[in-house]
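Okay, so here's the structure we're looking at.
The values are calculated or read from the model by the stated rules, or taken from the named source; none is laboratory data. These numbers were taken from a predicted model, which means no experiment stands behind them. Glycine gets a Cβ as well: all are built from the backbone with ideal geometry, and neighbour counts include every protein chain shown. Just so you know, the surface numbers come from the protein's heavy atoms only, side chains and all, with ligands and any DNA or RNA stripped out. Shrake-Rupley method; radii C 1.70, N 1.55, O 1.52, S 1.80 Å.
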Amino acid sequence: MKIGTDGVLLGAWASTQHNPFSILDIGAGTGIIALMLAQRCNAELIDALEMDDDAYEQCVDNFETSPWGDRLFCYHASLDEFVDEIEDQYNLIISNPPFYSEDFKSDNEQRDLARFSEALPFDHLIESASKLLSEDGVFSVIIPNKEENLFINLASNFNLFPNRILHVKGSPTSDIKRSLMEFSFRESDIKKETLIIETGRHEYTQDYINLTKDFYLKM
(Lines give C-alpha, C1' and ligand atoms only; values in the text may rest on other atoms or scores of the structure.)
Protein backbone atom coordinates (compact mmCIF):
# COMPACT_ATOMS: atom_id res chain seq x y z
CA MET A 1 0.00 0.00 0.00
CA LYS A 2 1.40 3.37 -0.93
CA ILE A 3 2.04 6.03 1.68
CA GLY A 4 -0.29 9.01 1.40
CA THR A 5 0.52 12.65 2.04
CA ASP A 6 -2.20 12.85 4.72
CA GLY A 7 -0.46 10.30 6.93
CA VAL A 8 2.95 11.92 6.50
CA LEU A 9 1.53 15.35 7.35
CA LEU A 10 -0.18 14.13 10.52
CA GLY A 11 2.80 12.07 11.65
CA ALA A 12 5.10 15.06 11.26
CA TRP A 13 2.71 17.68 12.67
CA ALA A 14 1.17 15.94 15.71
CA SER A 15 2.52 17.52 18.88
CA THR A 16 4.83 15.55 21.17
CA GLN A 17 5.84 18.55 23.28
CA HIS A 18 3.97 17.11 26.26
CA ASN A 19 6.34 14.09 26.15
CA PRO A 20 3.69 11.37 25.81
CA PHE A 21 4.40 8.10 27.57
CA SER A 22 1.74 6.25 25.57
CA ILE A 23 0.41 6.78 22.03
CA LEU A 24 -2.49 5.22 20.12
CA ASP A 25 -2.95 5.32 16.33
CA ILE A 26 -6.60 4.59 15.44
CA GLY A 27 -6.97 3.11 11.96
CA ALA A 28 -3.23 2.66 11.53
CA GLY A 29 -3.19 1.26 7.99
CA THR A 30 0.41 0.29 7.29
CA GLY A 31 1.58 1.94 10.51
CA ILE A 32 3.30 4.95 8.97
CA ILE A 33 2.09 7.50 11.54
CA ALA A 34 2.99 5.30 14.53
CA LEU A 35 6.43 4.70 13.01
CA MET A 36 6.98 8.42 12.49
CA LEU A 37 6.07 9.14 16.10
CA ALA A 38 8.40 6.39 17.28
CA GLN A 39 11.15 8.20 15.36
CA ARG A 40 10.15 11.60 16.77
CA CYS A 41 9.73 10.87 20.49
CA ASN A 42 10.63 8.50 23.32
CA ALA A 43 7.12 7.25 24.13
CA GLU A 44 7.54 3.83 25.72
CA LEU A 45 4.21 2.47 24.50
CA ILE A 46 2.98 3.05 20.93
CA ASP A 47 -0.13 1.05 20.08
CA ALA A 48 -1.89 0.88 16.74
CA LEU A 49 -5.37 -0.34 15.87
CA GLU A 50 -6.24 -1.75 12.45
CA MET A 51 -9.25 -3.82 11.40
CA ASP A 52 -8.44 -4.60 7.74
CA ASP A 53 -6.65 -7.96 7.43
CA ASP A 54 -4.12 -6.97 4.76
CA ALA A 55 -3.28 -3.62 6.31
CA TYR A 56 -2.89 -5.25 9.75
CA GLU A 57 -0.41 -7.82 8.42
CA GLN A 58 1.62 -5.14 6.67
CA CYS A 59 1.55 -2.94 9.76
CA VAL A 60 2.90 -5.78 11.93
CA ASP A 61 5.65 -6.48 9.40
CA ASN A 62 6.60 -2.81 9.28
CA PHE A 63 6.72 -2.58 13.08
CA GLU A 64 8.81 -5.74 13.46
CA THR A 65 11.39 -4.66 10.89
CA SER A 66 11.72 -1.11 12.24
CA PRO A 67 14.36 0.03 14.75
CA TRP A 68 11.56 0.74 17.26
CA GLY A 69 9.83 -2.65 17.23
CA ASP A 70 10.12 -3.04 21.01
CA ARG A 71 7.85 0.00 21.52
CA LEU A 72 5.29 -0.72 18.78
CA PHE A 73 2.29 -3.06 18.86
CA CYS A 74 -0.67 -3.41 16.50
CA TYR A 75 -4.08 -4.70 17.60
CA HIS A 76 -6.28 -6.46 15.04
CA ALA A 77 -9.73 -5.37 16.21
CA SER A 78 -12.55 -2.93 15.64
CA LEU A 79 -12.65 0.32 17.56
CA ASP A 80 -15.71 -0.92 19.50
CA GLU A 81 -13.87 -4.05 20.61
CA PHE A 82 -10.79 -2.08 21.55
CA VAL A 83 -12.66 0.48 23.66
CA ASP A 84 -14.52 -2.29 25.50
CA GLU A 85 -11.40 -4.31 26.28
CA ILE A 86 -8.65 -1.73 26.91
CA GLU A 87 -8.53 -0.07 30.31
CA ASP A 88 -5.42 2.00 29.59
CA GLN A 89 -5.55 5.65 28.65
CA TYR A 90 -3.20 7.32 26.20
CA ASN A 91 -1.35 10.63 26.35
CA LEU A 92 -1.56 11.06 22.58
CA ILE A 93 -4.19 9.67 20.21
CA ILE A 94 -3.80 10.14 16.46
CA SER A 95 -6.03 9.21 13.57
CA ASN A 96 -6.11 9.58 9.81
CA PRO A 97 -9.67 8.26 9.65
CA PRO A 98 -11.17 6.71 6.53
CA PHE A 99 -13.61 9.21 5.06
CA TYR A 100 -15.72 9.16 1.96
CA SER A 101 -15.15 11.78 -0.68
CA GLU A 102 -15.84 11.93 -4.38
CA ASP A 103 -12.11 12.57 -4.70
CA PHE A 104 -11.50 8.94 -3.76
CA LYS A 105 -14.13 7.26 -5.93
CA SER A 106 -12.40 4.57 -7.98
CA ASP A 107 -13.04 1.32 -9.83
CA ASN A 108 -11.72 -0.62 -6.83
CA GLU A 109 -14.70 -1.37 -4.60
CA GLN A 110 -12.57 -2.55 -1.67
CA ARG A 111 -10.52 0.64 -1.73
CA ASP A 112 -13.68 2.75 -1.94
CA LEU A 113 -15.15 0.87 1.02
CA ALA A 114 -12.07 1.66 3.07
CA ARG A 115 -12.70 5.36 2.52
CA PHE A 116 -16.40 5.39 3.36
CA SER A 117 -17.05 7.50 6.42
CA GLU A 118 -19.39 4.72 7.57
CA ALA A 119 -16.27 2.65 8.23
CA LEU A 120 -15.42 5.07 11.04
CA PRO A 121 -18.07 7.75 11.62
CA PHE A 122 -16.67 10.91 13.13
CA ASP A 123 -18.92 10.83 16.19
CA HIS A 124 -17.84 7.26 16.96
CA LEU A 125 -14.16 8.17 16.55
CA ILE A 126 -14.47 11.23 18.80
CA GLU A 127 -16.44 9.44 21.52
CA SER A 128 -13.93 6.59 21.55
CA ALA A 129 -10.99 8.99 21.67
CA SER A 130 -12.57 10.83 24.61
CA LYS A 131 -12.77 7.55 26.54
CA LEU A 132 -9.21 6.47 25.72
CA LEU A 133 -7.51 9.87 26.17
CA SER A 134 -5.83 10.77 29.46
CA GLU A 135 -6.95 13.90 31.28
CA ASP A 136 -3.96 15.89 30.04
CA GLY A 137 -3.75 14.08 26.69
CA VAL A 138 -3.88 15.32 23.09
CA PHE A 139 -6.01 14.00 20.22
CA SER A 140 -4.77 14.83 16.69
CA VAL A 141 -6.62 14.12 13.46
CA ILE A 142 -6.59 14.99 9.75
CA ILE A 143 -9.89 15.37 7.88
CA PRO A 144 -11.30 17.08 4.78
CA ASN A 145 -11.47 20.82 5.41
CA LYS A 146 -15.17 20.92 4.52
CA GLU A 147 -15.84 18.70 7.58
CA GLU A 148 -13.93 20.93 10.02
CA ASN A 149 -16.85 22.73 11.67
CA LEU A 150 -18.88 19.52 11.95
CA PHE A 151 -15.94 17.76 13.61
CA ILE A 152 -15.36 20.60 16.08
CA ASN A 153 -19.06 20.65 17.02
CA LEU A 154 -19.13 16.88 17.53
CA ALA A 155 -15.97 17.04 19.65
CA SER A 156 -17.48 19.67 21.93
CA ASN A 157 -20.18 17.15 22.87
CA PHE A 158 -17.42 15.10 24.50
CA ASN A 159 -15.60 18.08 26.08
CA LEU A 160 -12.83 18.01 23.51
CA PHE A 161 -11.74 21.44 22.28
CA PRO A 162 -9.47 22.46 19.39
CA ASN A 163 -6.14 24.01 20.41
CA ARG A 164 -4.23 23.97 17.08
CA ILE A 165 -5.43 23.83 13.46
CA LEU A 166 -3.33 23.56 10.30
CA HIS A 167 -5.02 24.25 6.98
CA VAL A 168 -3.35 22.50 4.05
CA LYS A 169 -3.41 23.75 0.46
CA GLY A 170 -1.92 21.89 -2.48
CA SER A 171 -0.74 25.10 -4.14
CA PRO A 172 -0.91 28.84 -3.44
CA THR A 173 -4.02 29.23 -5.61
CA SER A 174 -5.90 26.07 -4.62
CA ASP A 175 -8.61 25.78 -1.99
CA ILE A 176 -7.87 24.46 1.49
CA LYS A 177 -8.06 20.68 1.15
CA ARG A 178 -7.28 19.28 4.60
CA SER A 179 -7.56 20.34 8.21
CA LEU A 180 -5.14 18.96 10.77
CA MET A 181 -6.59 19.53 14.23
CA GLU A 182 -5.33 19.01 17.75
CA PHE A 183 -7.86 18.61 20.58
CA SER A 184 -7.65 18.35 24.35
CA PHE A 185 -9.98 18.60 27.33
CA ARG A 186 -8.66 22.15 27.85
CA GLU A 187 -10.27 25.16 26.17
CA SER A 188 -7.81 27.72 24.78
CA ASP A 189 -7.29 30.20 21.99
CA ILE A 190 -6.90 28.25 18.75
CA LYS A 191 -3.52 28.55 17.05
CA LYS A 192 -4.26 28.52 13.30
CA GLU A 193 -1.69 28.17 10.53
CA THR A 194 -1.72 27.42 6.80
CA LEU A 195 0.65 25.10 4.93
CA ILE A 196 1.11 25.13 1.15
CA ILE A 197 2.65 21.92 -0.21
CA GLU A 198 3.85 22.88 -3.68
CA THR A 199 4.47 25.98 -5.79
CA GLY A 200 4.67 23.77 -8.90
CA ARG A 201 4.72 20.09 -9.78
CA HIS A 202 7.19 18.50 -7.30
CA GLU A 203 8.41 21.98 -6.35
CA TYR A 204 7.85 21.77 -2.62
CA THR A 205 7.61 24.83 -0.39
CA GLN A 206 10.22 25.36 2.31
CA ASP A 207 7.52 25.01 4.99
CA TYR A 208 6.56 21.57 3.68
CA ILE A 209 10.21 20.52 3.41
CA ASN A 210 10.93 21.68 6.97
CA LEU A 211 7.95 19.73 8.29
CA THR A 212 8.58 16.45 6.49
CA LYS A 213 12.27 16.24 5.54
CA ASP A 214 13.18 13.92 8.43
CA PHE A 215 10.92 11.23 6.94
CA TYR A 216 11.88 11.24 3.25
CA LEU A 217 15.07 9.79 1.78
CA LYS A 218 15.08 12.48 -0.89
CA MET A 219 13.72 15.88 0.05
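Hey, of [x] 13.8; [y] 12.7; [z] 11.9, which did the structure itself give for mean projected area of the Cα convex hull in nm² when calculated? Matching the structure shown: [z].
The charge dipole of the chain, taken about the Cα centre with unit charges on the Cβ atoms of Lys, Arg (+1) and Asp, Glu (-1), comes to about 1200 debye, rounded to the nearest 20. Using a probe of 1.4 angstrom and keeping all protein chains present, the accessible surface of the chain works out to 54 square angstrom per residue.
Once all protein chains are placed together, Lys191 keeps about 120 Å² accessible to a 1.4 angstrom probe. Estimated at the nearest 10 Å², the accessible area of Asp54 is 90 Å² with a 1.4 Å probe. With all protein chains present, how much of the accessible area of the chain (probe radius 1.4 Å) comes from carbon and sulfur, to the nearest whole percent? Ligands and nucleic acids excluded, carbon and sulfur give 45 percent. Ordered from largest to smallest accessible area (heavy atoms of protein chains, 1.4 Å probe), the residues Ile165, Ile190 come out as Ile190, Ile165. Near Cys74, the amide H atoms lying under 5 Å from its own belong to Ala48; only residues 5 or more places off or on other chains count, and H is placed 1.01 Å from N. The accessible area of Trp68, taken with all protein chains in place and a 1.4 Å probe, comes to roughly 60 Å². Per-residue accessible area (protein heavy atoms, 1.4 Å probe) orders Leu125, Leu154 as Leu154, Leu125, starting from the largest. Among Arg71, Arg40, the order of accessible area from largest down is Arg40, Arg71, computed with a 1.4 Å probe on protein heavy atoms.
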